[in-house]
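Q: Quick one: this structure, given as C-alpha cells, is what I'll be asking you about.
The values are calculated or read from the model by the stated rules, or taken from the named source; none is laboratory data. Note that the structure is a prediction, hence the values are computed from the model and not measured. Cβ coordinates were reconstructed from backbone atoms using ideal geometry, including for glycine residues, and neighbour counts include every protein chain displayed. We work out accessible area using only protein heavy atoms, side chains counted, and drop any ligands, DNA or RNA first. Shrake-Rupley method; radii C 1.70, N 1.55, O 1.52, S 1.80 Å.
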Amino acid sequence: MDLRQMKYFLALAQELNFGRAAQRLHMAQPPLTRQIRGLEEELGTPLFLRTPKGVELTAAGQALLDEVPNILSLAERASERTRMAGEGLIGRLDVGIFGSGVLDVIPRLLADFHRERPAVRLKLHNMTKAEQLQALRERRVTVGFNRLVQAEPGLGVEIVLREPLVVGLPETHPLCERAQIDLRDLSGVPMILYPNAPLPGLAQEVTTAFVREGARLEVAQEVEDVLTCVALVASGFGCCITTQSAMSLRLPGVAYRPLRSRYLRDIALCCLYRTEDSSPVLTAFLQVVRSFAARQSNGGT
C-alpha cells in the first residue's frame, strides 16, 4: 500500500461516494474504482460496502481510516523536513569561538543567521585556535572563528572584518593624556601580552612590531585571554595592545587610545571551515558571513 493509494482511500472514506471522491481527487471515477478494488485485493478484505447512495466503510475500512490520516501526516512532515534540510532551513551548526571574538562581531553574525534560519540549532564551543583546527579536521565543529590562521589543504579561511587595534592603559597612566599612542611610545613600558599560545596570535604580532619599529618590549605578564589581560591593565600591572571590540568589556580603571604603528594597524577575524563540506546549513551560513563582510568593507554595521 503506497501513499497514493492511501490518499485515494481517505478521499473515498470521507466522501462515501465515488463521484465526489473522484472530483475531489481531480480524476475520473473508473480509475478510482480500480485503485480501491486493487487496494482491497492487496489487503485481502473489503474496505467498503456498495450502497445505492454510495459506499459505507466496513470494519476493516474503519480500522484503516483510524490509521491513514496519521500516516499521511507523518509522510508529509517527513517530506517537508527533508526539503527544509536540503535548503539548510533546519539542522545544526557547531561553531568554534574564542575569548575576544564573542565580545562583538561573532554574536552579531550569529544573530543575523538566526534571524534568517531560526530552526537551525546553534551550538557554540569555546576553543583555542589549535582546538578549533583539530575539531574542524575531526568534523566536531562546522565552522570556527579565529585570527592569524595559516592556510592548509582542505581549510577555507574567509576574512569577516579587519578590526582596528587600540592600546589599553591604566587610567592614571601618563600616556592617557595623548589622543593616540605611537607604538614607539610604549618602548620600555610594562606590557601584558595575550594569547599565550603555541600558534601565532596577537602576542606574536605585537612582539614582531616592536622589533621592526625599534622599540623595546618589556613583558610584564603573558596571559591566555583578553578578559584576564584587561583586568590586569585595570589593576595597574601594565598596558596592552588589544582589539577595538575589547573596549566593550568596560572594566573600570582602563582607558583606551588608538594605536599608531607602521606595521600593526589592525588584525583580521576569519571564518574557518572545511572546503569539502557541502552541508546546506554551512552554505547558508557562509552566505551570511560574506554578506556581513561586504557590509563591513563598505563601512556598514
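Q: Just need a number here: residues in the range 168-197 that are out of contact with any helix residue (DSSP H, G or I) (no Cβ under 7 Å at 6 or more places or on another chain), at negative phi and not basic (Lys, Arg). Explain how you work it out, then say what you get.
A: Keep residues of the range 168-197 that are out of contact with any helix residue (DSSP H, G or I) (no Cβ under 7 Å at 6 or more places or on another chain), which gives 171-174, 176-180, 182, 184, 186-191.
Remaining after also requiring at negative phi: 171-174, 176-180, 182, 184, 186-187, 189-191.
Still in the list and also not basic (Lys, Arg): 171-174, 176-177, 179-180, 182, 186-187, 189-191.
Of the residues in that region, 14 qualify.
Q: If a residue has to be under 15 Å from residue 141 (Cβ atoms) and touching a helix residue (DSSP H, G or I) at 6+ places or on another chain (Cβ under 8 Å) to count, how many in the range 277-288 make the cut? Outline the logic, then answer.
A: Within the range 277-288, the first condition is being under 15 Å from residue 141 (Cβ atoms), and the residues that meet it are 277, 279, 281-282, 285-286.
Narrowing further to those that are touching a helix residue (DSSP H, G or I) at 6+ places or on another chain (Cβ under 8 Å): 285.
Number satisfying all stated conditions: 1.
Q: Which members of the range 197-251 meet the condition of being small (Gly, Ala, Ser) and in a helix (DSSP H, G or I)?
A: The answer is 203, 209, 231, 234, 245, 246, 248.
Q: Let me ask something additional. Scanning the range 120-130 for residues that are of a type outside the set (A, V, I, L, M, F, W, C) and outside any strand (DSSP E or B), which turns out most open to solvent (accessible area, probe 1.4 Å)?
A: 128
Q: Let me confirm something: among 52, 31, which residue is more than 15 Å from residue 5 (Cα to Cα) and out of contact with any helix residue (DSSP H, G or I) (no Cβ under 6 Å at 6 or more places or on another chain)?
A: 52
Q: On to the next question. Within the range 159-178, track down each residue that is open to solvent by 40 Å² or more (accessible area, probe 1.4 Å) and within 30 Å of residue 293 (Cβ to Cβ).
A: Passing the criteria: 159, 162, 164.
Q: Among the residues of the range 269-283, are any at pLDDT below 90 and closer than 22 Å to residue 98 by Cβ?
A: No, the range 269-283 contains no residue that is at pLDDT below 90 and closer than 22 Å to residue 98 by Cβ.
Q: Within the group 86, 61, 44, 54, which residue is open to solvent by 50 Å² or more (accessible area, probe 1.4 Å) and in contact (Cβ under 8 Å) with a residue 24 or more places away in the chain?
A: 86
Q: Have a look at 133, 148, 103, 109 and point out the one that is at positive phi, in contact (Cβ under 8 Å) with a residue 60 or more places away in the chain and surrounded by 14 or more Cβ atoms within 10 Å (Cβ to Cβ).
A: 148
Q: For the range 45-96, which residues satisfy the criterion of being in a strand (DSSP E or B) and under 30 Å from residue 124 (Cβ atoms)? If you could, list the steps in order and put the result at the bottom.
A: So in the range 45-96, the residues in a strand (DSSP E or B) come out as 48-51, 54-57, 91-96.
Result: 91, 92, 93, 94, 95, 96.
Q: Additional query: Kindly indicate which of 186, 155 is touching a residue at least 40 places away in the same chain (Cβ under 8 Å) and farther than 30 Å from residue 273 by Cα. Outline the logic, then answer.
A: Details: 155 fails: farther than 30 Å from residue 273 by Cα.
Selected residue: 186, the only one of 186, 155 that is touching a residue at least 40 places away in the same chain (Cβ under 8 Å) and farther than 30 Å from residue 273 by Cα.
Q: Looking only at residues that are touching a strand residue (DSSP E or B) at 6+ places or on another chain (Cβ under 7 Å) and outside any helix (DSSP H, G or I) in the range 1-25, which one is surrounded by the fewest Cβ atoms within 10 Å (Cβ to Cβ)?
A: 16
Q: What about residue 218, is it farther than 21 Å from residue 263 by Cβ, surrounded by fewer than 15 Cβ atoms within 10 Å (Cβ to Cβ), more than 28 Å from the chain's Cα centre (by Cα) and of a type in the set (D, E, K, R)?
A: Answer is no for this residue.
Q: Condition check: more than 22 Å from the chain's Cα centre (by Cα) and either surrounded by 14 or more Cβ atoms within 10 Å (Cβ to Cβ) or charged (D, E, K, R) (or both). Does residue 268 satisfy that?
A: Considered against the rule, which asks whether it is more than 22 Å from the chain's Cα centre (by Cα) and either surrounded by 14 or more Cβ atoms within 10 Å (Cβ to Cβ) or charged (D, E, K, R) (or both), residue 268 comes out as no.
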